[in-house]
1. Could you estimate the translational diffusion coefficient of the range A:188-259 from the Stokes-Einstein equation, with Rh from the Kirkwood formula over C-alpha pairs, at 4 °C and 1.567 mPa s, in whole µm²/s?
2. Please check: in the Gaussian network model of chain B (C-alpha springs, under 10 Å), which one of B:54, B:166, B:347 has the largest mean-square fluctuation.
3. Could you give the angle, 0 to 90 degrees to the nearest 10, between helix B:87-108's Cα long axis and the longest principal axis of the Cα atoms of chain B?
4. Across peptide B:182-188, what mean number of C-beta atoms from other chains lies inside 10 Å of a residue's C-beta?
5. Answer rounded, prolate or oblate for the range B:1-137, using the Cα gyration tensor with square roots of eigenvalues a ≥ b ≥ c: rounded when a/c is under 1.5, else prolate when a/b is larger than b/c, else oblate.
6. Would you order B:314, B:320 from fewest to most other beta-carbon atoms within 10 Å of each residue's own beta-carbon?
7. Other chains near B:107-119: what is the mean number of their Cβ atoms within 10 Å of each residue's Cβ?
8. Determine the percent antiparallel among the DSSP beta bridges restricted to chain A, to the nearest 5.
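FYI, it's all coordinate maths here, none of it is from the lab. From a predicted model like this one, the values you see are computed outputs, not experimental measurements. With ideal geometry, Cβ positions are generated from the backbone for all residues, glycine too; neighbour counts draw on all protein chains shown.
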């Protein structure tokens, strides 16, 4: 299946919270009102500058969480969803530390804690359906579809009203691109978005260090062995030379005696 | 032996009671943490998931254990046998350090019962995966390197022979694993260029972690020797410690050069002039960790006294600890958008673990052959003895 995507048009959102309720029903989460992402809210609608801004996992194309997890508890599906597998997780929380968008939430008060985050309704989209939040939106503030289509849609929307929209699709290039993208009429930095993320794929940063390990081990091992061999050999040579001298002096003594 | 026991029983009562209180509080906090979850015991949050335990117990714990592989490579790889008398205490400290790090990790992990997952569920692209394997393998190597002390005590000659026969491969494996482990703890932070403050974030952070660990490895051996001398009346050859001090000076100078080049290279010298908490703590870290030790160790009258050497090393350790705390806490706060200060339970567990380390170390020194070398090695100690006397008398004049 092709790479999917969600486009959120911040100018259209009316803050009705229908997406939030639909998400809670879809994921069997308790129906409590929440203003921030939590273990019981995979998406929320925040208010900034008289605009409603939805928060949810961005489903990065080069997911940081997937790359940092020591036990591979995240996987990146071909639809673009980044899925957490609780049965593998050891609870190191490196994914939370590393996530550039600070999305993963932790069950801090549990004895057997898990990470909680948006699943891009993977069980629905593999059946060809839209995500619950997109289905619930009454005003076309959010669209679901093939990634290329919704990116095109985002570009067209901006170019149709260039005076209204900020000429930037948030998520098109951030940290190598995300499955969830945003367009807006108020600058992103005023809406609580992190605008300093850059376009580099974050997993590349650690890979540049990790990829050096095999050569470090082989070169380092050989070098250490070589140094040991030289210093050890030097000691042996000194020892042998000492014995030789002893022998020689013994010989000379013997010769002297016999003479 | 009996005298030492009496001494311990009578003289260190104050420290003993402090230790008991600290360990008692830690036990209470551990019970709370496991009964009600990490959230009940810590000030950690979704925005700030790594706190004091990662910063101090893990990052500093591993760093402070660096004396083991530093000395092993000096003695076995570079064949500078003069240092042999201090190998064992250094390995013991490293081994204990790693055991305590694992203990702390089991408290910090959300699911410690699943720690074995790292053995079978691989993700070689993860730095944490590398860290996990380094911890496991190097702890095994340390256990083997330390095992002769135990085998000697138990008079098990066959295993003793086997371990001694594989000394060199073990040492090489240990040095490689340590190098990887020390640097990979820095690599953990490569993935957060937008969270870790510019004074600390650098693509060279694995190199900084490695170099500072080497430096602090030497400092820790000096400190351990000084404290053991006071507590157990067992001390190490002073000229050896002097030479360790010289190695420290060299390593500190290398660190200073590399860090200056890195700052210029990244073009972040302007950060040094911004008046904010990160800048002040950065200066404090540099002054304690590099500047003061460098100055103290360069002044002959200070360097050549036990107390001077001890304080120079102690201040270097303070600077090292501050560096790790800065990377893991100070430098991460602004980027995470929250402030963090550990809860009293987090602090109590950390202090309890430190106290436990002291207790186990003193037990090991009491019951195992740590400071006195085994019969076959006595020869080298004796050989060294005359120069010790010369130095000591020279210093006292």
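1. Values: Rh = 18.6 Å.
This corresponds to a translational diffusion coefficient of 70 µm²/s.
2. Of the options given, B:166 has the highest mean-square fluctuation.
3. The helix B:87-108 is inclined about 30 degrees to chain B.
4. Partner-chain Cβ atoms within 10 Å, mean over residues of B:182-188: 3.
5. Numbers: a/c = 2.66, a/b = 1.17, b/c = 2.27.
Verdict is oblate for the range B:1-137.
6. The order, fewest Cβ neighbours first, is B:314, B:320.
7. Counting other chains' Cβ atoms within 10 Å and averaging over B:107-119 gives 5.
8. 80 percent
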